[in-house]
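Written below as structure tokens is the structure these notes are about.
The values are calculated or read from the model by the stated rules, or taken from the named source; none is laboratory data. Just so we're clear, the structure is a prediction, and the values are computed from it rather than from any experiment. Please note: Cβ atoms are built from the backbone with ideal geometry, for glycine as well, and neighbour counts cover all protein chains shown.
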Amino acid sequence: MMTRADKAQYISALSEKFGKAKAAFVVDYIGMNVEQVTQLRKTLTPLSAEMKVVRNTLAKLALNDHPEAKEALSDKLVGTNALVFAYDDVGASAKALADFGKEVEHLKMKSGVMEGQELDESKIKYLSTLPPKDVLRAQLLGVFNAPGGKFVRTLAAVPQGMLNVLTAYKDQKGE
């Protein structure tokens with residue numbers, strides 16, 4: 001049994017996790033065995049995310065320091081819940097949850113919050129379809145690089161065109 005001091009320390013640690021996380025998801029894990037929960041945690045760890053099984057009352061108390069998240073999540077904290085905190089790439093964490101939910105039907109995504117905005121199950125699944133952060137960065141760099149590359153190809157086309165004309169003239173005179 002937890003003492004008041006233990007509860008206060010646990011609530012402050014949980015509140016710190018809410019503050020540090022870029023997104024938090026509420027999942028229902030009822031029906032999952034220990035091995036499946038452990039596998040999910042191992043899947044989330046390399047993605048800078050963690051799953052925490054918490055009592056709903058303690059989670060609601062921890063949300064008092066974060067009013068936007070409290071508004072989005074407090075009514076979803078009913079029943080058997082776990083919180084998944086995504087600290088780095090939110091899309092990768094959502095994708096890991098969605099993929100794991102396909103394998104293990106007992107895992108249900110209830111809700112989430114990202115930057116103060118509530119995410120329902122469909123928004124979390126959409127978030128999971130987005131490419132990873134590194135792919136998005138590469139695409140953005142490609143967009144930035146495209147005008148310069150086209151400019152260089154355009155500048156190179158003028159001498160190349162002149163060379164083609166001279167080569168054709170030489171071939172015509174050589175026949």
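Can you tell me which residues in the stretch 112-147 are farther than 15 Å from residue 88 by Cβ, in contact (Cβ under 8 Å) with a residue 12 or more places away in the chain and among the acidic types (Asp, Glu)?
118, 121
Checking residue 81 against (1) crowded, with 16+ Cβ neighbours inside 10 Å; (2) more than 24 Å from residue 61 (Cα to Cα), which single condition isn't satisfied?
(2)
Given the options 70, 102, 95, name the one that is closer than 19 Å to residue 121 by Cα, surrounded by 18 or more Cβ atoms within 10 Å (Cβ to Cβ) and without any contact (Cβ under 8 Å) to a residue 24 or more places away in the chain.
The unique qualifying residue is 70.
Looking for something among the small types (Gly, Ala, Ser) and exposed (fewer than 15 other Cβ atoms within 10 Å of the Cβ) - is there at least one such residue anywhere in the stretch 26-38?
yes
Identify all residues within the stretch 131-175 that are closer than 30 Å to residue 26 by Cβ and part of a helix (DSSP H, G or I); write none if there are none.
133, 134, 135, 136, 137, listed by residue number.
Yes or no: the stretch 44-53 includes at least one residue that is more than 27 Å from residue 133 (Cα to Cα), touching a helix residue (DSSP H, G or I) at 6+ places or on another chain (Cβ under 9 Å) and at pLDDT 90 or above.
Within the stretch 44-53, one or more residues are more than 27 Å from residue 133 (Cα to Cα), touching a helix residue (DSSP H, G or I) at 6+ places or on another chain (Cβ under 9 Å) and at pLDDT 90 or above.
Can you spot a residue in the stretch 21-29 that is among the β-branched types (Val, Ile, Thr), in the same structural domain as residue 89 (by TED's automatic domain parsing) and within 22 Å of residue 122 (Cβ to Cβ)?
Within the stretch 21-29, one or more residues are among the β-branched types (Val, Ile, Thr), in the same structural domain as residue 89 (by TED's automatic domain parsing) and within 22 Å of residue 122 (Cβ to Cβ).
Just to confirm my filter: which helices (runs of 4 or more DSSP H) fall fully inside the stretch 1-64 and include at least 1 residues that are closer than 20 Å to residue 119 by Cα and charged (D, E, K, R)?
Helices (runs of 4 or more DSSP H) meeting the threshold: 4-20, 56-62.
Go through the stretch 78-130 and give me each residue that's outside any loop (DSSP other than H, G, I, E, B) and under 17 Å from residue 54 (Cα atoms).
82, 83, 84, 85, 86, 108, 109, 110, 111, 112, 113
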